[in-house]
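The values are calculated or read from the model by the stated rules, or taken from the named source; none is laboratory data. No experiment lies behind these values; they were computed from the predicted model shown. No Cβ is skipped: glycine too gets one built from the backbone with ideal geometry, and neighbour counts run over all protein chains shown. Note: areas computed on protein heavy atoms with side chains; ligands, DNA, RNA excluded. Shrake-Rupley method; radii C 1.70, N 1.55, O 1.52, S 1.80 Å.
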Amino acid sequence: QVKLVESGGGLVQAGGSLRLSCEASGIMFSVAAMAWYRQAPGKRREMVAEINSGTSTNYADSVKGRFTISRDDAKNTVYLRMNSLKPEDTAVYFCKASIMVREYWGQGTQVTVSS
């Protein structure tokens, strides 16, 4: 049974930082491509950051220079370090694992940035 569990969300003031974690179980984590998505109320879910099974990363233009994705294969965990947070970063953040053609999603964690 595949399970992705996000944590680390919360309420932070603009300019602050948070680190999200996503721990995976039930998959061969080291070969999975991992990504963080977010969805704000009334908006489509969008990719925030992604990392392949190595160290290659990709970011949405809106978060480049502020967010950093990383992974620890020994802990089956992917992280999203978010600095210089803005009110427009407020959303539910989801973790996604991709292996071959299969995709798995976590339940999401709320991030709220106050102005």
Run the reach check for K64 against lysines, Cα to Cα strictly under 18 Å, same-chain hits fewer than 8 apart removed. What comes back?
K86
Could you please report the charge total around S21, scoring K, R as +1 and D, E as -1 over all other residues with beta-carbon less than 12 angstrom from its beta-carbon?
+1
Could you look at the chain and say what percent of its accessible area is carbon and sulfur, using a 1.4 Å probe and all protein chains?
47 percent
Spatially proximal lysines relative to K75 (Cα-Cα < 20 Å; intrachain offsets below 8 disregarded):
K3, K96
Determine the order of K96, K3 by accessible area, beginning with the largest, at a probe radius of 1.4 Å.
K3, K96
Using alpha-carbon pairs under 8 Å, 6+ residues apart, how would you state the relative contact order of region 66-115 in percent?
31 percent
Taking the inverse of the average 1/r across all pairs of different Cα atoms in region 1-60, what Kirkwood radius in Å do you get?
13.4 Å
For region 1-96, build the charge dipole from Cβ charges (+1 Lys, Arg; -1 Asp, Glu) around the Cα centre, then report which of N76, V12, T57 sits farthest towards its positive end.
V12
Can you list the aspartates and glutamates whose alpha carbon is less than 16 Å from that of K43, not counting same-chain residues fewer than 8 positions off?
E88, D89
If you count only protein heavy atoms with a 1.4 Å probe, what accessible area per residue comes out for the chain, rounded to a whole Å²?
54 Å²
